[in-house]
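Structure first, then comments.
All of the numbers you see were taken from the coordinates with simple rules; none came from a lab. For clarity, every value in this text was computed on a predicted model and none was experimentally measured. Methodologically, a virtual Cβ is constructed for each residue, glycine included, from the backbone with ideal geometry; neighbour enumeration extends over all protein chains shown.
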Amino acid sequence: MQRRAFTVAGIVQGVGFRPFVYTLASQLQLAGLVQNRSGEVWIEVEGRDADLDRFTACLRSQAPTLSRIDTLSWRSIPAQHDSRFRIIASEDASSTQVFVSPDVATCVDCRRELFDPSDRRYRYPFLNCTHCGPRLTIIHRAPYDRVNTTMATFAMCSACRAEYDDPRDRRFHAQPIACPDCGPRLQLLDGQGVPMESADPLAAFVVAIGRGKIGVMKGIGGYHLVCDATNDAAVIALRQRKHRDEKPFAVMVRDVDAAAQRCVLDDAERELLCSPRRPIVLLRKRAGEASTKDTIAPGNPFLGVMLPYTPLHELLLDGVGDKPLVMTSGNRSDEPIAYDDRDAAERLSGIADVFLVHNRPIRVRCDDSVTRVIAGRESPVRRSRGDAPMPIKLPMACSLPCLAVGGQLKNVFALASGRNAFLSHHMGDLDHLAALESFQRDIELYESMFGIHPRCMVHDLHPDYASTTYALARAERETIPTLAVQHHHAHLASCMAEHQLQGEVIGVIFDGSGYGTDGTIWGGEFLVGGYESFQRVAHLRPVRLPGGDQATKEPWRMALSYLSDAGCDVEQWSAGVAEFFQDSNPETQRGRGFATPVSPAAIRVVRQMIDRGVRSPWTSSAGRLFDAVAAIAGVRQRVSFEGQAAIDLESLATQRDSDECYCVAPCFVRDGEAGSRWGVDTRPLIRGVHRDQQNNVEVATIARRFHNTLATMVGQVCGQIAAVVGLDRVVLSGGVFGNSLFRSLVTQQLEKQGLRHFVHHQVPANDGGLSLGQLAIAARLLQTDARR
């Protein structure tokens, strides 16, 4: 008889790992023990060599779905001649890193019980087991035990307790375990949040939705607004009440077959839809799909689709049958999603006709994750429910515990300990007080959960970001050092860290805006560097940003700026916009392509701002270049949400399969005054767009030529930089690379130049990935300092 001692580290607690080990050892007739040791699992098994070998192989190959084994080691120890295998009490104190699992979609076994009339949890909306259910959204503090979750107030009945204590049961130590006798319950409220008598709240809610009402449903990480996606009147009413005029809604469908009826799916998209993460997946609409074409995602070729991820969602979709449901964040406009019961009743009163709520509190607000597939690989848009707080490996160990606070928009903060980067769920835009309060509160939670107490604060270079203000104030209060990281350097490092790259790379960082080291607004950057430092070797030609942030909402301002810079006939283009403003005929307006009117007086004021440089800082932003082209071509003069003009432009460009370009040579102009080696001349491109618009070339053709031209310019610039610096690796980051067409065209151009490219697959290319880059930079600089 031989005995082996195993140490297993990673995501191995709260995911059914000990019951798995117990069952595996029992099947192989091995004696011994298994114990949690605060982040690690300690295993001792005793038996014949052949059985021990099988046990060792199965530990990795058959581990629970939610687990992730980072390290597994074993050694031989003296035999103890145990008579059985047992689970022993966990150790409380250890310096080992603790991991917490994300919230996970209902597993196959629980779903089967949900619809089994003979099961005691038949149609119970809160069933779960160690393989599924809430985790992050219900935890108050570490360790992850029931007493430290929002389930603490629900005393287990004897039947649930027996399952909880039985290591052979899949609900062994499932902290949210519940049943109809002892768990949370549903309740129906009217549109003002007043309780309504109902024998079956869910059935009454289904009836209301079927009648065209707008509902609010309390989910796992917040409240969702719900309506029948096939009822245009209901969807329009929801838009009006929510003040969300054009931004696409996500829909929830019963199963993957229902998704395939409305959208085109490939294997990778099917896998994402059905994964335990259950994100919203952006799918291309089928041609002629009318029921979700105009009111759900107006003018957008993509539809955000998700499958049910809680038992309550499963029951709701079962009740409505084959109808897709709008399932959008419970908020007004761009506010954070409501998750507190009182706050939800106050904020959503007047939007909803009926509420479906329950009495299990939500501790952590957590939006749905959003992702898509580009070139066969996942490209995250928002990393949140189902992903956070799963750690991402840093390319090097962080010698001090660090907190990286991310940016202002699409905020995600991150903690580092060793090589683990724990990225938070999506916090939203910190312009909103509710998001800022959650940001501060959830930082405390994450520090408690993972036992990480920061000794260094990492923040964006922008002095006015709320995240920067928080970091500096806290650092001063706690007397710890800070590290300011330039925005686009963090983007570069984020993509490098995902791919575990070392050394230096060429970085193409295209986004909306970021505070530059020269005090101007960057956003169309070509960098050379690594984690320690970078050089801005080239950038898109700077133009004025008239009105500052207002220009991001009114692309026509950027059109005037770019046209003036390129020496185009601004009077002629302005006259066309003004003529449109004075023409009240809707048919003429649609024919001109100008989506919203602009007054002649406003045009005159903005032209003066550009000419005089009043409230018009310089910017090299690629995002604003997309806005300008959309406005010049007549696609859109104003936007109702971030990136709308660029989305429209991409949608139009995909309607043409062409490699036509505008003139792009010469690409470089000397720009020593701006502190960089080269400026990338956009003037020929703008002249081409303007010429086509004046000659009434189809907007889709203009859009495609623009995409082709800019991608070709990127390839040329990278090729020339590579020839000078001797590098062949290019990382692509920044929100503009969420444009699947543009990203694909750029990668093709890089391949023609013989350059290797790296894109995001784990974190978003947008600002949701900044904190990972901030941590990677901090880890390297701390490592360098330690060597000195």
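Quick one: P(r) of the range 2-87 from all Cα-Cα pairs, 5 Å bins, percents rounded to integers, in order of increasing distance.
In whole percents, the pair-distance histogram is 3, 16, 30, 29, 15, 6, 1.
If you average the alpha carbon positions of the range 687-749 and of the range 7-27, how far apart do those two centres end up, in angstrom?
Computed from Cα coordinates, the inter-centre distance equals 50 Å.
Could you give me the percent of Cα pairs per 20 Å distance bin for the chain, shortest bin first, beginning at zero and ending with the bin that holds the maximum distance?
16, 46, 32, 7, 0
Starting from the amide H of residue 419, placed 1.01 Å from N in the peptide plane, find each other amide H under 5 Å away whose residue is 5 or more places distant or on another chain.
Correct list: 398.
Based on the Cβ-Cβ distance of residue 243 and residue 499, what FRET efficiency does E = 1/(1 + (r/R0)^6) give at R0 = 41 Å, to the nearest 0.05?
0.50
Between residue 266 and residue 69, what FRET efficiency comes out of the Förster formula 1/(1 + (r/R0)^6) with R0 = 25 Å and r the beta carbon distance, rounded to 0.05?
For R0 = 25 Å, the calculated efficiency reads 0.25.
Tell me the label-point distance for the pair residue 377, residue 575, using the 7 Å Cα-to-Cβ offset, in nm and rounded to one decimal.
Going by the 7 Å Cα→Cβ label model, 5.1 nm.
How far, in nm, would the chain grow between residue 50 and residue 599 when pulled straight, counting 0.36 nm per residue and subtracting the alpha carbon separation?
Contour length minus Cα-Cα distance gives 189.4 nm.
Give the share of C-alpha pairs in each 10 angstrom bin for the range 511-767, from 0 to the last occupied bin, in whole percents, shortest bins first.
Calculated P(r), rounded to whole percents: 7, 32, 37, 18, 5, 0.
In sequence order, what are the phi-derived ³J(HN,Hα) couplings for the range 731-743 according to the Karplus relation 6.51 cos²θ - 1.76 cosθ + 1.60 with θ = phi - 60°, rounded to whole Hz, with x for glycine and proline?
So the J values, rounded to whole Hz, are 9, 10, 8, x, x, 4, 7, x, 6, 5, 5, 4, 4.
Could you list, in their original order, any pairs among 218/242; 213/242; 247/553; 285/323; 247/285; 247/323 whose Cα atoms are separated by more than 19 Å?
In this structure, 247/323 exceed 19 Å between Cα atoms.
Quick one: if you stick a label point 7 Å off each Cα along the C-beta vector at residue 255 and residue 553, how many nm between them?
4.6 nm
Enumerate the amide H contacts of residue 352 below 5 Å, restricted to partners 5 or more residues apart or on another chain; note that Pro and chain-start residues carry no placed amide H.
Here nothing satisfies the definition.
Taking the Cβ-Cβ separation of residue 87 and residue 448 as r and a Förster radius of 35 Å, what is the calculated FRET efficiency to the nearest 0.05?
0.85
Residue-wise, which Karplus ³J(HN,Hα) couplings in Hz belong to the range 611-622, taking 6.51 cos²θ - 1.76 cosθ + 1.60, θ = phi - 60°, and x for glycine or proline?
5, 9, x, 8, 6, 9, x, 6, 9, 10, 4, 6
What list of ³J(HN,Hα) values in whole Hz, one per residue of the range 366-379 in order, does the Karplus curve 6.51 cos²θ - 1.76 cosθ + 1.60 (θ = phi - 60°) give from phi, with Gly and Pro shown as x?
8, 6, 5, 6, 10, 8, 8, 10, 10, 6, x, 10, 5, 10
Can you list the residues, at least 5 places off or on another chain, whose amide H is less than 5 Å from the amide H of residue 637, using H built in the peptide plane?
Residues meeting the criterion, in which the H sits 1.01 Å from N, are 595, 596.
Order these peptides, 103-109, 509-515, 612-618, by their mean beta-carbon neighbour count within 10 angstrom, highest first.
509-515, 103-109, 612-618
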